[in-house]
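Only one structure is covered here, and it is reproduced in the block below.
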Amino acid sequence: MLEHTVAFSLRINSLRIDREHFLEAMSKYNIKEVEWYKDAYTTDFPSISRTIEYQLGYFYIQSLSSMVPVQVLSPKPGDRVLDLAAAPGSKATQCAMHMQDDGIIIANDVSYMRLKSLASHIDRLGITSIALTNYDGRTFPKSITFDKILLDAPCSSMGSRKNVMQHSEGRIRSLSRLQKSLLLRAVDLLSPGGTLVYSTCTTTVEENEEVIRYLLDKRNDISIERPELPFSISQGASGDSSVDPHVCWFTLDEAFFIAKIKRE
Ligand SMILES: C[S@@+](CC[C@H](N)C(=O)[O-])C[C@H]1O[C@@H](n2cnc3c(N)ncnc32)[C@H](O)[C@@H]1O
């Protein structure tokens, strides 16, 4: 069966268990460390989400590629963080781990149904620093600003191993418009000196490099910083020399695009 050949990756929840006890509890599932991220493990155990350790909140199941945007954002204890498109919560809960559950994380999503699933993860993992909001990110209120913002944008998911959909050109263009509006609002919400990470799990230039190009055309108070990552990455592929060298692509278990944006 395919299920037996699929390796899962997971992230330890240090709020529920320390590393030593985690390794002891999980040894029966043949977990292996991931060399570039101390919080990540892989396992070939087929039904890891049906174990008692999962129910107890000892870990979160997350693809390896999806763990990288938060590493680049690098939230710290005490930070004020916004995750503008947060459900079902892989990266918002990862932010809470990096921050040792100390600070404020607003996890926003336009989908109330998907927020419910985020709420159940927060409960299972025992996180207290995340508050949920249910705005369309394009009109998220500008009454406060944030030190760190993640925009893990809605996208065509062409790089995802779960994706089975083909998207029309019109659909890609409409996603690109949505991503540009979300990114502009995210910059408005960023404090001076703050960091914003834009990520997608898709491979179209329209949803990636073109969105960053649009931002550079619209705003002169931001710069793009190329993230340094501990594995091989490629630069953008749009042919635009003012964007490509500063953004990055990589494929671990999924293809991901990341741009790191600083506000002056
Ligand atoms: C790629 S998923 C986010 C995954 C999430 N960051 C995680 O790591 O678990 C994109 C999310 O964007 C949300 N979304 C779509 N349009 C939105 C909008 N206009 N404002 C806010 N969220 C939106 C979707 O409901 C979906 O949950």
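Annotation: of all residues in segment 46-84 being within 9 Å of the ligand (Cβ to nearest atom) and over 9 Å from the mean Cα position of the chain (by Cα), the one that is nearest to Ala131 (Cα to Cα) is Leu84. Tell me, please, whether a residue that is at pLDDT 95 or above, loosely packed, with under 14 Cβ neighbours inside 10 Å and either of a type in the set (D, E, K, R) or not in a strand (DSSP E or B) (or both) can be found in segment 145-167. Within segment 145-167, not a single residue is at pLDDT 95 or above, loosely packed, with under 14 Cβ neighbours inside 10 Å and either of a type in the set (D, E, K, R) or not in a strand (DSSP E or B) (or both). Can you name every residue in segment 133-144 that is touching a residue at least 40 places away in the same chain (Cβ under 8 Å) and either surrounded by 13 or more Cβ atoms within 10 Å (Cβ to Cβ) or assigned to a loop (DSSP other than H, G, I, E, B) (or both)? Across segment 133-144, the qualifying residues are Gly137, Arg138, Phe140, Lys142, Ile144. Filtered by the rule that a residue be within 14 Å of the ligand (Cβ to nearest atom) and hydroxyl-bearing (Ser, Thr, Tyr), segment 148-169 gives Ser156, Ser157, Ser160. For segment 1-44, enumerate the residues that are closer than 26 Å to Arg161 by Cα, in a helix (DSSP H, G or I) and either at pLDDT 95 or above or among the aromatic types (Phe, Trp, Tyr) (or both). Across segment 1-44, the qualifying residues are Met26, Tyr29. Out of all the residues in segment 5-45, which are of a type in the set (Ser, Thr, Tyr) and more than 19 Å from the chain's Cα centre (by Cα)? Residues satisfying the conditions are Thr5, Ser27, Tyr29, Thr43.
The number of residues in segment 212-249 that are without any contact (Cβ under 8 Å) to a residue 60 or more places away in the chain and either within 20 Å of Val70 (Cα to Cα) or in contact with a Gly (Cβ under 8 Å, 6 or more places away or on another chain) (or both) comes to 19. In this structure, is Thr203 in a loop (DSSP other than H, G, I, E, B), surrounded by 13 or more Cβ atoms within 10 Å (Cβ to Cβ) and touching a Ser or Thr at 6+ places or on another chain (Cβ under 9 Å)? Judged against the criteria, Thr203 is a match.
List the pairs whose first member sits in segment 104-126 and is over 16 Å from Tyr60 (Cα atoms) and assigned by TED's automatic domain parsing to the domain that holds Lys148, whose second member is surrounded by fewer than 16 Cβ atoms within 10 Å (Cβ to Cβ) and among the charged types (D, E, K, R), and whose Cβ atoms are under 6 Å apart, counting only residues at least 6 apart or on separate chains? Listed pairs, sorted by first residue: Val110/Asp136.
The values are calculated or read from the model by the stated rules, or taken from the named source; none is laboratory data. In this text the structure is predicted, and so the values were computed from the model without any measurement. Glycine also receives a Cβ, built like all others from the backbone with ideal geometry; neighbour counts cover every protein chain displayed.
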